[in-house]
Structures are given as structure tokens and as C-alpha cells.
Amino acid sequence: MNELEKKTGYLENVPVRKVRQFLFDAGYDDRVIVLENSARSARDAAKSLDTELGSIVKSLTFMIGENMVMVLVAGDHHCLIENIPAALNMKGEVSRPDAERVKTVTGFSIGGVAPVGSITALPMVIDHSLKRFDTVFAAAGHPHCIFPVSVAELKRLTGGIVSYNISKPTEG
């Protein structure tokens with residue numbers, strides 16, 4: 001398979017098509033970027049894009065009681081899990097859903113969970129520290145696909161709440 005076939009294959013992947021369609025319906029040009037190397041982790045994505053780790057958006061899913069939520073955190077920050085319920089004005093025990101539940105609820109596999117185009121609209125909180133960057137990069141439905149977006153656009157596209165208390169810089 002040559003590079004063009006590989007790139008086209010990723011773009012035609014069903015979850016990636018959902019993200020592309022969501023962005024198109026929201027008035028954006030096709031901005032999904034296919035990376036040569038996997039962006040399964042924030043560090044991998046930053047390396048592939050030759051950008052700062054903090055500009056990579058980690059899409060993290062959690063359960064608060066029986067409700068799945070999404071937290072968008074800068075790649076160089078650690079999510080403060082104990083602060084999620086207050087940030088979303090929810091109550092309940094916070095836990096991590098398993099990979100099957102994430103895929104069932106969002107339509108995305110872990111490693112490519114996009115903040116847009118999910119099967120189910122999820123309550124969302126956005127890490128304020130992402131505002132350090134004019135452009136951040138979020139997963140687009142597959143570990144090889146991302147899309148550039150500003151934090152203001154991300155907030156508009158997701159309806160997410162920006163929080164100052166959802167993360168802290170990763171040590172080391």
C-alpha cells in the first residue's frame with residue numbers, strides 16, 4: 001500500500017468520516033490531518049507534528065456515577081480527576097470506563113477518541129491551560145488522524161466548560 005492509499009484509507013475510516021462530517025456541518029473546511037506515525041499518545045502526536053506537547057489535546061473519558069463525561073486536557077498536564085464533578089456541576093463517584101464502553105458511547109476507540117462527532121453528546125470540560133496556544137491538535141477518530149483547532153473553536157464545537165481547576169502540569 002502506498003502513502004496515498006494509506007492516507008485515503010485513514011480518511012475513509014468511519015469514525016474519521018464522522019469527525020470530518022461534523023466539522024463540515026459546523027462550517028469548517030476539511031482540516032483532518034493524517035499523520036505518518038501514530039498519535040495514540042500525546043507525546044507521539046507532538047513528535048509527529050513537531051509541536052509542543054502542551055498543544056496536544058488529550059480526550060479523556062470518565063464516568064460520574066452512570067454518566068460518561070469527557071475532559072480535554074493539555075498533553076503536558078495531568079487531569080485532576082477529583083475536580084471533574086465540580087467542574088461539570090455533577091455529583092457522584094468518578095471512575096474510568098472500559099474500552100468497550102467508550103466505543104459504545106462515543107463510537108471511537110481509545111487512542112482516537114475525538115471531542116466532536118461522538119455518537120452521544122457528552123458533558124465536557126476543557127483545560128484552561130490549552131489557551132496558551134493559538135492552535136491545539138485534537139484526535140479525529142483514529143490514532144493516525146488529528147485536527148487543528150483553537151480553544152475558542154473547541155469550546156463552540158463541543159459546548160464544553162473551560163475550567164482552571166481540571167489539571168496541573170505533569171511533573172518531570
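Among residues belonging to segment 108-153 that are of a type in the set (S, T, N, Q) and out of contact with any Pro (no Cβ under 7 Å at 6 or more places or on another chain), point out the one that is surrounded by the most Cβ atoms within 10 Å (Cβ to Cβ). First the steps, then the outcome.
Start the filter on segment 108-153 by keeping residues that are of a type in the set (S, T, N, Q), which leaves 109, 118, 120, 129, 135, 150.
Keeping just the survivors that are out of contact with any Pro (no Cβ under 7 Å at 6 or more places or on another chain) gives 109, 118, 120, 129, 150.
On the way: S109: 16, S118: 25, T120: 9, S129: 19, S150: 14.
So, considering only residues that are of a type in the set (S, T, N, Q) and out of contact with any Pro (no Cβ under 7 Å at 6 or more places or on another chain), the one surrounded by the most Cβ atoms within 10 Å (Cβ to Cβ) is S118.
Only one of (1) over 14 Å from the mean Cα position of the chain (by Cα); (2) closer than 21 Å to K131 by Cα; (3) surrounded by fewer than 16 Cβ atoms within 10 Å (Cβ to Cβ); (4) polar (S, T, N, Q) fails for N37. Which number is that?
All conditions are met except number (2).
Examine segment 91-98 for a residue that is within 30 Å of G27 (Cα to Cα), in contact (Cβ under 8 Å) with a residue 24 or more places away in the chain and surrounded by fewer than 19 Cβ atoms within 10 Å (Cβ to Cβ), and state whether such a residue exists.
Checked segment 91-98: no residue is within 30 Å of G27 (Cα to Cα), in contact (Cβ under 8 Å) with a residue 24 or more places away in the chain and surrounded by fewer than 19 Cβ atoms within 10 Å (Cβ to Cβ).
Across segment 81-104, which residue is farthest from the chain's Cα centre (by Cα) among those that are part of a helix (DSSP H, G or I) and among the charged types (D, E, K, R)?
E82
Considering only residues that are touching a residue at least 60 places away in the same chain (Cβ under 8 Å) and in a loop (DSSP other than H, G, I, E, B), look in segment 42-70 and name the one that is surrounded by the most Cβ atoms within 10 Å (Cβ to Cβ).
Only one residue fits best here, namely T51.
Every number here is computed from the coordinates shown, using simple stated rules; none is lab data. Just so we're clear, the structure is a prediction, and the values are computed from it rather than from any experiment. Quick reminder, even Gly has a Cβ in these numbers, built from the backbone with ideal geometry, and neighbours come from all protein chains shown.
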